[in-house]
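First up is the structure itself, then whatever we jot down about it.
The values are calculated or read from the model by the stated rules, or taken from the named source; none is laboratory data. Computed from a predicted model, the values in this text were never measured in an experiment. Surface accessibility is based on the protein's heavy atoms, side chains included, excluding ligands, DNA and RNA. Shrake-Rupley method; radii C 1.70, N 1.55, O 1.52, S 1.80 Å.
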Amino acid sequence: ERLASAVAVLEPMLGRNQYHGASVAEDLLSALRRNGLTVAIAESCTGGLVSHRLTEVPGCSDVFVGGIVAYANDVKKNLLGVQAEVIERHGAVSGEAAQAMVLGVQQRFGCHRCDGCGWPLWRDP
């Protein structure tokens, strides 16, 4: 539900599978900037790559507020507030865990948009 909501917000800003800048990250940052939004990233399997891609774009600090790489389950639980039950029942890389990570990073960073998987950002065209 939250992922569908995020897609509904970002897709009109970016266009479906249409990249206008040098990278998806550049397009995302531009769209966030145009809409007066900020973003934080909660990563796991990507190991910081999404945040890296965003910070490669000069001037990203006006919309990218930070991120947490929560690879270990204890980090997901302790820093992002993912309940142990969610990990045990659904798995550490499930949609449910990603959703909990998004809520946790949004609470920690207080930004407008958060991402718990970030797959479009590390897959340039």
Amide H proximity to residue 38 below 5 Å, modelled H, separation 5+ or other chain, gives 112, 113
Within the accessible area of the range 23-90 (1.4 Å probe), percent carbon and sulfur: 48
Expected vector for the range 23-33, Karplus 3J(HN,Hα) from phi with 6.51, -1.76, 1.60 and θ = phi - 60°, integer Hz, x for Gly and Pro, equals 8, 4, 4, 4, 5, 4, 4, 5, 5, 4, 4
Tell me the Rg and the Dmax, in Å, that the Cα atoms of the range 49-93 produce. 13.8, 41
List the residues whose amide H sits under 5 Å from the amide H of residue 66, counting only those 5 or more places along or on another chain, with H placed 1.01 Å from N in the peptide plane. 41
